[in-house]
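Engineer: First, the structure itself, so that you have it in front of you.
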Amino acid sequence: MINPFIISILLISMVACSSIQNAPLTLLSGKGPSYPEGLRDSGVEGHVVLRYDVNAAGEVINIRVVESEPLGVFESAARETLSSWRFSAKVVDGLAQPSQNVLSTISFRLSDGSSIEP
């Protein structure tokens, strides 16, 4: 005969395990890129690749430029865009976790508009 105490412990363990949640980092809100003033008429297009971290509260921190084409043109607008983003932090075992070294590409195109590649 199985001890009722052991059965209770097993049931509690199964319920606890089934309630553990895991979820990926998810973008909730933020503005899209704004084409810098004065560049629309010049026909300049390009992109910026950014590496950043997201804290457990879902805020973007530690923004770093990895690549920019053309250099020195769109970095400020790309950083401003990224700073406006808010995420639902990744969840591991039911706890919000920071994410490090996230990469996104923000493109500045005149014909199709600006775009974002997570």
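Engineer: Determine if segment 107-114 includes at least one residue that is in a strand (DSSP E or B) and surrounded by fewer than 14 Cβ atoms within 10 Å (Cβ to Cβ).
Structural biologist: no
The rows are residues; the columns are (1) closer than 16 Å to THR26 by Cβ; (2) touching an Asp or Glu at 6+ places or on another chain (Cβ under 8 Å); (3) modelled with pLDDT of 95 or more.
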position: ASP41; (1), (2), (3): no, no, no
position: GLU45; (1), (2), (3): no, no, no
position: VAL66; (1), (2), (3): no, no, yes
position: GLY72; (1), (2), (3): no, no, no
position: PHE108; (1), (2), (3): no, yes, no
position: SER114; (1), (2), (3): no, no, no
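Engineer: Does at least one position in segment 83-99 carry a residue that is in a helix (DSSP H, G or I) and modelled with pLDDT of 95 or more?
Structural biologist: yes
Engineer: Which pairs have Cβ atoms under 8 Å, sit 6 or more apart or on different chains, and link a residue in segment 51-64 that is farther than 16 Å from ALA89 by Cα to one that is surrounded by 12 or more Cβ atoms within 10 Å (Cβ to Cβ) and among the polar types (S, T, N, Q)?
Structural biologist: Listed by first residue and then by second, the contacts come to ILE63/SER83.
The values are calculated or read from the model by the stated rules, or taken from the named source; none is laboratory data. Predicted model, so just to flag it, every value in this text is computed and none were measured. Cβ sites come from the backbone with ideal geometry, for glycine too, and all protein chains shown count toward neighbours.
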